Amino acid sequence: VRRVVLASSCAVYGDDPELPKTEMMTPKPASPYAVQKLSAEHYARVYSELFGVETACLRYFNVYGPRQDPSSPYSGVISVFIKAILAGERPVIWGDGEQTRDFTYVANVVDGVLRAARARGVSGEVINVAAGDRVSINRLFQALRDLTNTDVEPLYGPPRPGDVRDSQADLTLAKRLLDYTPLVEFEEGLRRTVDWYRENAD
């Protein structure tokens, strides 16, 4: 194997308030999941340095799209919201809903992975792959209501421990090393995702 491309996560940044998140920031993982991802990045770097295995670690930001399983505890909020809204149920928004995320359509991530597999001079690097924007949970919910033409209201619950308040990726390094630019904008990705869940409601 010439190169390993590792799926890491923006969770390694923790709740550092600085935005956007750059790869030069000191990681502050705030969950066991985030610690595991950061540990994997260190393993990748060590294998690059000691054994000559080329590695590229991509930090994904809130990936969404068709075929995510809304019943999985690892699924993102978008699949959970769509399933509830299409069923006429009220999804739960934890906290005030003004927390923001860099929602990244899956086609953008695939493009980033393919570029990281082929690009020159990326071995040992850690690179953000995202949309480079941020959207509040309240705005997300309203966009989904508009796309589904429903008037379902959300339920609000207490903030969840360990939840990051705001997240947004800096894509400077991805553009420089991978010539990466997001292919699908948030609204278009959301429309494609809703269409898929409608067609596969069963």
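The values are calculated or read from the model by the stated rules, or taken from the named source; none is laboratory data. Note that the structure is predicted; figures quoted are calculated from it, not measured. Counting neighbours? That spans all protein chains shown, and the Cβs are built from the backbone with ideal geometry, glycine included. Keep in mind that these areas ignore ligands, DNA and RNA; they rest on the heavy atoms of the full protein, side chains included. Shrake-Rupley method; radii C 1.70, N 1.55, O 1.52, S 1.80 Å.
Can you sort ARG2, ARG160, ARG145, ARG115 by solvent-accessible area, 1.4 Å probe, largest first? If you can, show how the numbers build up before the last one.
Details: ARG2 145, ARG160 125, ARG145 40, ARG115 75 Å².
Descending accessible area places them as ARG2, ARG160, ARG115, ARG145.
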Worksheet, complete the sentence: Tilt, helix 106-118 to longest principal axis of the chain (alpha-carbon atoms), in degrees rounded to tens, equals 10
Practice prompt. Can you spot the lysines whose alpha carbon is less than 17 Å from LYS175's alpha carbon? Ignore those fewer than 8 places along the same chain.
Written response: LYS21
Worksheet item: Could you give me the ³J(HN,Hα) list for the range 145-154, computed from phi with Karplus coefficients 6.51, -1.76, 1.60 and θ = phi - 60°, whole Hz, x at Gly and Pro?
Response: 4, 5, 5, 9, 6, 10, 10, 4, 9, x
Worksheet item: Between the helical axis of 32-51 and the dominant principal axis of the chain, each derived from Cα atoms, what acute angle in degrees is found, rounded to the nearest 10?
Response: 20
Discussion item. Under the rule a/c < 1.5 gives rounded, and otherwise a/b versus b/c splits prolate from oblate, where does the range 144-202 land using the Cα gyration tensor?
Written reply: oblate
Practice prompt. With θ set to phi - 60°, apply the Karplus curve 6.51 cos²θ - 1.76 cosθ + 1.60 along the range 133-142 and write out the HN-Hα couplings as whole Hz, x wherever there is a Gly or Pro.
Written response: 9, 9, 10, 6, 5, 5, 5, 4, 4, 5
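I want the local charge near PHE103. Using Cβ-Cβ distances under 9 Å, sum +1 for each Lys or Arg and -1 for each Asp or Glu among the other residues.
On the way: positive: ARG101, ARG134; negative: ASP102, ASP133.
Once all neighbours under 9 Å are counted, the net charge is 0.
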Discussion item. Between ARG67 and GLU199, what is the label-point separation in nm under the 7 Å Cα-to-beta-carbon projection?
Written reply: 1.3
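How large is the accessible surface per residue of the chain, computed with a 1.4 Å probe and reported in Å² as a whole number?
Numbers: 10840 Å² over 202 residues.
In whole numbers, the chain has 54 Å² accessible per residue.
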Worksheet item: If one takes the longest principal axis of the Cα atoms in the chain, at what angle in degrees, from 0 to 90 and to the nearest 10, does the Cα axis of helix 77-86 lie?
Response: 20
Worksheet, complete the sentence: Heavy-atom accessible area of the chain with neighbours in place, 1.4 angstrom probe: carbon+sulfur share in percent works out to 52
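Protein chains only, probe 1.4 Å: how do GLU23, GLU98 rank by accessible area, largest first?
On the way: GLU23 35, GLU98 95 Å².
Ranked from most to least accessible, the order is GLU98, GLU23.
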Discussion item. Once you place label points 7 Å from the Cα toward the Cβ at ASP96 and ARG145, how far apart are they in nm?
Written reply: 1.9
Response to the item:
On each of the three principal axes the extent of the alpha-carbon atoms of the range 111-181, given in whole Å and largest first, is 49, 31, 17
Worksheet item: When Lys and Arg each count +1 and Asp and Glu each count -1, what net charge do the other residues less than 13 Å away from GLY132, Cβ to Cβ, add up to?
Response: +1
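Between ARG176 and ASP16, what is the FRET efficiency for a Förster distance of 22 Å, r being their Cβ-Cβ separation, to the nearest 0.05?
On the way: r = 22 Å, r/R0 = 1.02.
Plugging the Cβ-Cβ distance into 1/(1 + (r/R0)^6) gives 0.45.
How much length, in nm to one decimal, is gained on full extension between MET24 and GLU187, taken as 0.36 nm per residue of separation minus their Cα-Cα distance? Could the numbers behind the result be given before it?
Details: separation 163, 0.36 × 163 = 58.68 nm, distance 2.96 nm.
The MET24-GLU187 span can extend by a further 55.7 nm.
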Discussion item. Just to compare against my own numbers: the Cα pair-distance distribution for the range 1-52, 5 Å bins, whole % per bin, please.
Written reply: 4, 19, 26, 21, 15, 9, 4, 1
